[in-house]
Amino acid sequence: MGVISALGLDQQQFWQALARGESGIGPIPNDIGPVAEMGMNQVRFKNGAPVLGYDADTYFSRKTLSFMDRFAQFSVIAAREAVSMAGVEWTDELRESAAIITGSCMGGRFTEEIGYWELFHHGRHRVHPLTIPLGMSNAGASHISMEFGLHGPAYTISTACSSSAHAIGNALWMVRSGAAPLAIAGGSEAPLFLGGLKAWEAMRVVSPDTCRPFSANRSGMILGEGAAMLVIEPLERALARGVKPLAEIVGFGMSADACHVTQPSAEGAARAMRGALRDGRLAPEQIGYINAHGTATEANDRMEAAAIHDVFGVHTAALPVSSTKSMHGHTLGAAGAIEAVATILALRNGVLPPTANYTEADPECELDVIPNQSRVVQAEAALSQSFAFGGLNAVLAFRAWH
Amino acid sequence: MSETIQARVLRVIATTQRIPLEKVKPDSTFEELGIDSMDSINILFDLESEFDIEIKDEDAKKIRTIREMIDGVTYLVDSKQNPSAQTATE
């Protein structure tokens, strides 16, 4: 697994912050790409979960960088860490057949915006000739394929905030069915540019200060950026080559609300959760942790609490649920993957990450949200949940590996 | 005589919500007009343009009726025309 986020540039930093309940939320700096010139002072909210201390030149050559939007850079950085950690040894055969499935909601719109800025603000008559290849949402998958010389199936899924959960779920099914012997799957997002921030501002769902999921005084979501990638392979194959799996990915459930483009439905969420349990052959009582979608918007948190009660019934009282978005922000198309990594690390380390910034219980979100401090608990299995605008839901189930 | 603030608010609601103007009354509820939370945000956006005002998120969240929309817009328009009054009432 590899991850780059507001909590640090690698997995170790990510877990350290999660286990300590430290939040990466703070002011969005002006120097992320073209934002400086455009001016963050135009945006009503000031805070986000930006990747700080990131110097692209230490990861890529200048020439390579000229072909990569920020989101594609994050994809490759996370994939490099994942492949290195998994100790993958590329043979010709594996290069021919390994799959790459990435998720992204906005793709390279950061780059597109620079083009629009030139056209509409500076009144210029042309944009950069690489605007199209930098802007395309599949650029992450393409750059990963070129990084490792992989010639097998590679594609990108864009289902808003469920994108990378759908990507990982599809990778699970490809590997399980034998369609691919190994998959690199995850997601990436770099949404902290002026036009994107203004669009979120207009929806009135962004917090003026911080992200307090399930807390009665929550004030909305915090936008984050980053990427996470997993290496997924059959258990027997991993054991045969002598590596210790981080966790077993056992179930994937998806559903469509088919009711409203922004108002989520507990019924739709619950169907995806039940689907993941069924696919993973898990009884509800076996689930010892849920990494919630937990955006800290009123619409999501109450719906999600209702869905958890619906699926888990009396077991809900003994089921810790946290939203790590309180620390790494809502990374949209990368959220499913970053949160899958958080879930896997929770199972691997026997420590459940908390819901940070939690200050006030909400009677309509009656859950054990692991408030503010991580908890030493070895869960047997866990869910990671993603519920997207457009009503498209994806839930992944993992089992601890010992 | 120019259109009153109330009449302008009702017109914006009817146009944005795509419903006949005569259906939109100051005492209509959101439910009666089929206005959900996203519709409400759309209407507030159009009201901001119509009156050249800025409605804060925390105020927007509290609005549940047409009457509150009219009162809120009236307050913001008055405040814009007479900035000292806004300071006094805050």
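The values are calculated or read from the model by the stated rules, or taken from the named source; none is laboratory data. None of the values given here were measured: they were computed from a predicted structure. Methodologically, a virtual Cβ is constructed for each residue, glycine included, from the backbone with ideal geometry; neighbour enumeration extends over all protein chains shown.
Odds and ends about this structure:
- Enumeration of residues in region A:376-398 that are farther than 11 Å from residue A:277 by Cα and crowded, with 21+ Cβ neighbours inside 10 Å: A:379, A:384, A:385, A:386, A:387, A:388, A:391, A:392, A:393, A:394
- Selection status of residue A:236, more than 14 Å from chain B (Cβ to nearest Cβ) and in contact with a Phe, Trp or Tyr (Cβ under 7 Å, 6 or more places away or on another chain): no
- The number of residues in region A:143-163 that are assigned to a helix (DSSP H, G or I) and touching a residue at least 24 places away in the same chain (Cβ under 8 Å) comes to 9.
- Screening the candidates A:113, A:93, A:118 for the property of being farther than 19 Å from residue A:3 by Cα, at pLDDT 95 or above and surrounded by fewer than 22 Cβ atoms within 10 Å (Cβ to Cβ) yields one hit, A:93.
- Residue in region B:17-33 that is within 14 Å of chain A (Cβ to nearest Cβ) and under 14 Å from the mean Cα position of the chain (by Cα) present: yes
- Whichever residue in region A:246-301 is crowded, with 20+ Cβ neighbours inside 10 Å, within 23 Å of residue B:41 (Cβ to Cβ) and in contact with a Phe, Trp or Tyr (Cβ under 6 Å, 6 or more places away or on another chain) and, among such residues, is nearest to the other protein chains (Cβ to nearest Cβ): A:264
Matching residues to (1) assigned to a helix (DSSP H, G or I); (2) of a type in the set (A, V, I, L, M, F, W, C); (3) over 15 Å from residue B:9 (Cα atoms):
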site: B:43; (1), (2), (3): yes, yes, no
site: B:50; (1), (2), (3): yes, no, no
site: B:54; (1), (2), (3): no, no, no
site: B:58; (1), (2), (3): yes, no, yes
site: B:68; (1), (2), (3): yes, no, no
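- With respect to (1) modelled with pLDDT of 95 or more; (2) within 16 Å of residue A:113 (Cβ to Cβ), the lone exception for residue A:214 is condition (2).
- The set of residues from region A:27-76 being under 28 Å from residue A:11 (Cβ atoms), part of a loop (DSSP other than H, G, I, E, B) and free of Cβ contacts under 8 Å to residues at least 40 places away in the same chain comprises A:29, A:31, A:55, A:59, A:60, A:61.
- Within region A:204-218, the set of residues being within 14 Å of chain B (Cβ to nearest Cβ) and in contact with a Phe, Trp or Tyr (Cβ under 6 Å, 6 or more places away or on another chain) comprises A:206, A:208.
- Complete set of residues in region A:346-383 that are touching a Gly at 6+ places or on another chain (Cβ under 7 Å) and closer than 16 Å to residue A:252 by Cα: A:381, A:382
Condition check ((1) surrounded by fewer than 19 Cβ atoms within 10 Å (Cβ to Cβ); (2) within 18 Å of residue A:334 (Cα to Cα)) across all residues:
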residue: A:140; (1), (2): no, yes
residue: A:150; (1), (2): no, no
residue: A:153; (1), (2): yes, no
residue: A:164; (1), (2): no, yes
residue: A:176; (1), (2): yes, no
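- One residue stands out in region B:57-69 among those that are surrounded by 13 or more Cβ atoms within 10 Å (Cβ to Cβ) and over 19 Å from residue B:5 (Cα atoms): the one that is farthest from the other protein chains (Cβ to nearest Cβ), namely B:61.
- For the condition closer than 26 Å to residue A:261 by Cβ and either more than 14 Å from chain A (Cβ to nearest Cβ) or not in a helix (DSSP H, G or I) (or both), residue B:13 qualifies.
- The lone criterion from (1) at negative phi; (2) crowded, with 18+ Cβ neighbours inside 10 Å; (3) in contact with an Asp or Glu (Cβ under 8 Å, 6 or more places away or on another chain) left unmet by residue A:332 is number (1).
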